[in-house]
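Heads up: the structure comes next, in structure tokens.
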């Protein structure tokens, strides 16, 4: 059974059907459809971070670097006025992002704990400054995408990316696939090693595993998926800019991941929904919503350690 | 019994900023033999084990395994060569079942660790081998128990099972009976009697009765230096050994 | 590059480095003694700057403003430690990161509420608004020299305190063995409060004295925090000597890069960090 926790199964069976039907409920309101799409895209990003932090025990504050890279790689390799194939470019972008992750991971994973937190943040800042200072990439304004990719396979057109509802379904599909993929990975033999490294790295090394290599692979995997999320985001609004790489993006993703329940993977969806929901409602009430968010985060750390999923699991999982 | 040592050290030294934890240790360990290492506190026994399994790097001297020097290889490579180690402080995966603990160990040998799509629960051979390791130490009844919930003595047994599951050729056991009562110790002693017929075992222990009962060869270390090596009787009768222990206030008999 | 330009940049670099050292030493102190990585450390730098601006508006005296700001920062440190940081001991890094990120959000929001988002400026105090001539054409601002001297003075005081006083001894002991210090009957929680408050105050004081040198803007805290991280990574966490060398290195590299390689300038210190990470992952002087 892939989703082997009861809570997780309930969540999957409630969330995905609801999400499937949501555009019908919101019929005339593409604003909300687009908002939900953005939330789902970010949930993919948060899930990839949750895997790194919650499953592998690698705390990184620089994951947003790959989010931004997803968009910037696209503008680097895609011709400006021509519609490319979405699926092929997905592959390219994930592959390039993975290559970058290999290099960065090689440097960053030699450290641990506090150092890793600081170094990942610093590298993300480096990427941020690189893109915001560079003229080739439009500096702070970023770059516009003039033509969105075409999603046909063998001539059969699947989604029209200009259509918000189509795009919504593409992202929903991606979200489900991401969750599914990560569950496969965590359940696999590779996942067994990752779990071992997370729980007791000393013992795992003593058994003969090269834990650096496994961490590097996990890092690369998660980063490629983070880039995919960034690529989707870029396609949604038609532009990429340096704020995607800002440390606040990494920081809030981390908050969402913990809010939802660190390490649960499906919790990333919960956390993103709740956080963005709060953000959205608070923003309308006051321009200083950040104050309440900050206070909420502090309270969450003090009181609500296992996040929403943790709380639900406590209620629903019985041995 | 093979006359060539399967594992040996030559002039092994370990210094920590001026403190000599180990000084010029040259020992030979043979296959199918249990080689006990004893000594008062601070003798360097744990340091020796840490060096033999690659956890520490020697300051000077060599470690030779099956004829090849291995002191420069990476820590995880030691285990890959078949040098398995159990720890003094129980070092298992508390949140996993006993079987899963052993599965992690078996998987190292069996491979497939880079398969990230297929479920880990579908590898029957792997689970069989893990189950066998649990059988060997007598923990079959606890297969599906979460490791954190079994008794302390059982956890020590699990430690040994995990090492066995990696199909080692050398077992480095660091005080496997630490903190155990008499009955539990007896179980481990019986287990080790069985195992020493198959593996090269290096046993560091404070429980003197156990060491005398089990060791084919016995080495005494004091203050990081080698005092004497010989059969149990030879060592017991050695006046220097008595002095080393009584001088420290420890009891030998 | 002319010699005089070189000297000006050299002094600029050293002065910036010394300022970074001041900030980084607060960060390292808190981490070394209490094991807490305070991401909101940069926010205290920002708070120091904004407080300085506010009290200069109120009192028209930079000195008075500096004093008041330092005291307020100390009080903020004590309150924050007692209410929030205390709950982080014995908890993992993730919780620390999260709580302190929450604090950053709160501080930034408060800054926006109290003082708005427009850049603010503090005038260099009258007494130091002159400039020392270095060559016939080039002068160097006295105030910047003052800042460098203040940093050195504070560093000296800290050195003295840590190595020669009883409090310093407790700090050093607490760094190596927390439980032992507790067993000795020392009230470790009071020690922690003091250490945290000092750490935070160091950042705030740095913000105060840096205020007249550039404009006070939102986000200045995070910018300096990340520079601090680079300093600590290069120098090695827990090592004051490392923080000192690291800070001077970062200060010089950043300053010279902005003159010699303007396109790459903001990235230079990270490239330096990556390079050092390649050859010495623990930092140059890790303890």
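The values are calculated or read from the model by the stated rules, or taken from the named source; none is laboratory data. Here the structure is a predicted model, which is why all the values come from computation and not from measurement. Quick reminder, even Gly has a Cβ in these numbers, built from the backbone with ideal geometry, and neighbours come from all protein chains shown.
Computed values, structure above
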read-out	value
Selection status of residue A:294, within 11 Å of another protein chain (Cβ to nearest Cβ) and at pLDDT 90 or above	yes
Region B:114-145 - residue that is part of a helix (DSSP H, G or I) and facing another protein chain (nearest Cβ under 10 Å) and, of those, nearest to residue B:167 (Cα to Cα)	B:126
Residues (facing another protein chain (nearest Cβ under 7 Å) and over 30 Å from residue A:4 (Cβ atoms)) located in region A:298-319	A:298, A:302
Single residue of region A:202-215 satisfying the filter (touching a residue at least 12 places away in the same chain (Cβ under 8 Å), outside any loop (DSSP other than H, G, I, E, B) and more than 22 Å from the chain's Cα centre (by Cα)) that is farthest from residue A:106 (Cα to Cα)	A:211
Output for region C:225-284, where each listed residue is touching a helix residue (DSSP H, G or I) at 6+ places or on another chain (Cβ under 8 Å), more than 9 Å from chain A (Cβ to nearest Cβ), surrounded by fewer than 19 Cβ atoms within 10 Å (Cβ to Cβ) and outside any helix (DSSP H, G or I)	C:261, C:284
Which numbered condition residue A:161 fails, given (1) buried (at least 19 other Cβ atoms within 10 Å of the Cβ); (2) away from chain B (no Cβ under 14 Å); (3) in contact (Cβ under 8 Å) with a residue 24 or more places away in the chain; (4) not in a loop (DSSP other than H, G, I, E, B)	(4)
Any chance residue C:91 is at pLDDT below 85 and either over 21 Å from residue A:248 (Cα atoms) or buried (at least 20 other Cβ atoms within 10 Å of the Cβ) (or both)	yes
Test: residue in region B:120-127 that is in contact with a strand residue (DSSP E or B) (Cβ under 8 Å, 6 or more places away or on another chain), over 27 Å from residue B:186 (Cα atoms) and surrounded by 21 or more Cβ atoms within 10 Å (Cβ to Cβ)	yes
Residue match in region B:117-136 (condition: outside the structural domain of residue B:7 (by TED's automatic domain parsing) and touching a residue at least 40 places away in the same chain (Cβ under 8 Å))	yes
From the options A:252, A:257, A:281, A:223, residue that is assigned to a helix (DSSP H, G or I), free of Cβ contacts under 8 Å to residues at least 60 places away in the same chain and within 30 Å of residue A:196 (Cα to Cα)	A:252
Residues located in region A:82-109, provided they are in contact (Cβ under 8 Å) with a residue 40 or more places away in the chain, surrounded by fewer than 16 Cβ atoms within 10 Å (Cβ to Cβ) and within 14 Å of chain C (Cβ to nearest Cβ)	A:106
Of residues in region B:1-22 being assigned to a loop (DSSP other than H, G, I, E, B) and in contact with a strand residue (DSSP E or B) (Cβ under 8 Å, 6 or more places away or on another chain), the one surrounded by the most Cβ atoms within 10 Å (Cβ to Cβ)	B:6
Test: residue in region A:58-73 that is within 11 Å of chain C (Cβ to nearest Cβ), assigned to a helix (DSSP H, G or I) and closer than 17 Å to residue C:270 by Cβ	no
Verdict on residue A:36 being buried (at least 16 other Cβ atoms within 10 Å of the Cβ) and under 30 Å from residue C:276 (Cα atoms)	no
Elements of type strands (runs of 3 or more DSSP E) contained in region B:23-113, each with 3 or more residues being surrounded by fewer than 22 Cβ atoms within 10 Å (Cβ to Cβ) and away from chain A (no Cβ under 12 Å)	B:60-65
Region C:96-125, residues that are surrounded by fewer than 22 Cβ atoms within 10 Å (Cβ to Cβ), at the interface with chain A (Cβ under 7 Å from one of its Cβ atoms) and either in contact (Cβ under 8 Å) with a residue 60 or more places away in the chain or part of a loop (DSSP other than H, G, I, E, B) (or both)	C:112
Unique match (being away from chain A (no Cβ under 14 Å), in contact with a helix residue (DSSP H, G or I) (Cβ under 6 Å, 6 or more places away or on another chain), surrounded by fewer than 22 Cβ atoms within 10 Å (Cβ to Cβ) and at pLDDT 85 or above) among C:191, C:202	C:191
Search result, residues across region A:110-137 that are touching a residue at least 60 places away in the same chain (Cβ under 8 Å) and either out of contact with any strand residue (DSSP E or B) (no Cβ under 8 Å at 6 or more places or on another chain) or within 8 Å of chain C (Cβ to nearest Cβ) (or both)	A:110, A:120, A:121, A:122, A:123, A:124, A:125, A:127, A:128, A:131, A:132
Count of residues meeting criterion [exposed (fewer than 14 other Cβ atoms within 10 Å of the Cβ), at pLDDT below 75 and more than 28 Å from the chain's Cα centre (by Cα)] in region C:163-186	4
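Here is a yes/no grid of residues against (1) modelled with pLDDT under 90; (2) under 25 Å from residue A:107 (Cβ atoms):
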| site | (1), (2) |
| --- | --- |
| C:228 | no, yes |
| C:231 | no, yes |
| C:240 | yes, no |
| C:250 | no, yes |
| C:267 | yes, yes |
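Quick grid of which residues meet (1) buried (at least 16 other Cβ atoms within 10 Å of the Cβ); (2) in contact (Cβ under 8 Å) with a residue 60 or more places away in the chain; (3) in a helix (DSSP H, G or I):
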residue: A:264; (1), (2), (3): yes, yes, no
residue: A:269; (1), (2), (3): yes, yes, yes
residue: A:272; (1), (2), (3): yes, yes, yes
residue: A:276; (1), (2), (3): yes, yes, yes
residue: A:290; (1), (2), (3): yes, no, yes
residue: A:294; (1), (2), (3): yes, no, yes
residue: A:299; (1), (2), (3): no, no, yes
residue: A:308; (1), (2), (3): yes, no, yes
residue: A:312; (1), (2), (3): yes, yes, yes
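Results for (1) without any contact (Cβ under 8 Å) to a residue 40 or more places away in the chain; (2) outside any helix (DSSP H, G or I); (3) more than 17 Å from the chain's Cα centre (by Cα), shown as yes or no for each residue.
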{"residue": "C:31", "(1), (2), (3)": "no, no, no"}
{"residue": "C:39", "(1), (2), (3)": "no, yes, no"}
{"residue": "C:42", "(1), (2), (3)": "no, no, no"}
{"residue": "C:55", "(1), (2), (3)": "yes, no, yes"}
{"residue": "C:66", "(1), (2), (3)": "no, no, no"}
{"residue": "C:79", "(1), (2), (3)": "yes, no, yes"}
{"residue": "C:94", "(1), (2), (3)": "yes, no, yes"}
